[in-house]
Structure formats: C-alpha cells, structure tokens
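The values are calculated or read from the model by the stated rules, or taken from the named source; none is laboratory data. A quick note: this is a predicted structure, and the numbers were derived from the prediction, not measured. When we count neighbours, we look across all protein chains shown, and the Cβ atoms used for this are built from the backbone with ideal geometry, even at glycine.
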Amino acid sequence: MSIGFELKGKGGHKKFGRISDAEWVVMKVIWQLNVSTAKQAVEALRGQTRWKPKTIHTLLSRLVQKGALASEKSGREYVFKPLVAEEACRISASRSLLESVFDGEIAPFLACFLKTRKLSAKEIAELKRILEEGES
C-alpha cells in the first residue's frame with residue numbers, strides 16, 4: 001500500500017505524491033533525525049532492515065524525486081531533510097486507508113481492528129477523550 005502526501009507546489013497549488021511502504025520506513029528515520037546524511041540514514045536503518053546501502057540510497061533518491069525530501073550536497077555527502085511533516089503524512093495515510101478499504105466509515109474500521117486487538121484501559125480512556133473533544 002502506498003501512502004499519499006500533500007505539498008504546496010509552485011504558485012501555491014496543491015501537489016500530491018505517494019510514498020511506498022519501504023519509503024515510509026526511510027521517511028520515519030529522516031523525520032527522527034530531522035536532517036540526515038545518506039550514511040546516517042543507512043546506519044539508523046541497519047538494525048531495522050536488511051537493506052543494502054545501495055537500496056537505501058535508491059529510496060532516498062526516489063523520495064527527493066517525489067518531493068518528500070530535499071537534498072543538498074555538503075562536501076562529499078548529500079544531506080537530506082523532510083519537506084513533508086510526519087503528522088500530515090499520518091493524517092493522509094489514515095484517510096486513504098479509511099476511504100479505500102472502509103468506504104470512509106470509521107465504525108467498521110474500528111470493529112475490524114478490535115477483532116484482532118484488545119485495548120488497554122489507558123487506550124480506551126484516550127479514545128474516549130478524543131471522541132469527547134471531537135463532539136465540541
């Protein structure tokens with residue numbers, strides 16, 4: 001599944017892009033580091049994936065081409081920084097999943113989710129708080 005994101009294009013026009021699951025993994029590392037060289041991204045992903053450095057470099061390049069990352073040459077290395085906010089991508093991804101799989105309906109989504117996972121008392125309290133805030 002790919003995840004959509006929104007950018008402001010030239011002249012303030014909205015521009016949409018898609019991030020694959022693998023690119024999402026790389027984006028999470030870049031968001032965490034805020035600014036990263038390719039070497040730092042490879043090192044951060046070493047414990048999370050079995051990807052070769054060339055694969056990570058390819059994913060970084062794709063994210064630059066898609067407008068999700070900016071890259072700038074600094075000495076012998078490229079420095080990458082996010083052009084899209086993590087929260088904005090999460091919102092877009094959740095909307096996309098809800099629309100494409102559950103026809104925009106939250107109740108069937110939650111029912112499906114709860115069939116496979118029991119919520120803790122803390123999670124239930126947090127959901128209640130969120131729902132009550134949404135009512136006002």
Output for the stretch 87-130, where each listed residue is loosely packed, with under 12 Cβ neighbours inside 10 Å and either in contact with a His (Cβ under 6 Å, 6 or more places away or on another chain) or not in a helix (DSSP H, G or I) (or both): Asp103, Gly104, Arg117, Lys118, Ser120
I need the full set of residues from the stretch 81-116 which are of a type outside the set (D, E, K, R), within 25 Å of Pro53 (Cα to Cα) and in contact with a helix residue (DSSP H, G or I) (Cβ under 6 Å, 6 or more places away or on another chain), in order please. Pro82
Pairs returned, first residue in the stretch 30-49 that is without any contact (Cβ under 8 Å) to a residue 40 or more places away in the chain and of a type in the set (D, E, K, R), second residue that is surrounded by fewer than 18 Cβ atoms within 10 Å (Cβ to Cβ) and not in a loop (DSSP other than H, G, I, E, B), beta-carbon separation under 8 angstrom, 6 or more apart or interchain, are Lys39/Glu77
Pairs under 8 Å by beta carbon, first residue without any contact (Cβ under 8 Å) to a residue 60 or more places away in the chain in the stretch 93-122, partner assigned to a loop (DSSP other than H, G, I, E, B) and of a type in the set (Asp, Glu), six or more apart or different chains? Leu98/Glu105
Just checking, does the stretch 57-75 include any residue being among the basic types (Lys, Arg), at pLDDT 90 or above and more than 20 Å from the chain's Cα centre (by Cα)? yes
Looking at the stretch 76-102, which of the residues that are closer than 15 Å to Gly17 by Cβ and in contact with a Gly (Cβ under 9 Å, 6 or more places away or on another chain) is modelled with the highest pLDDT? Leu83
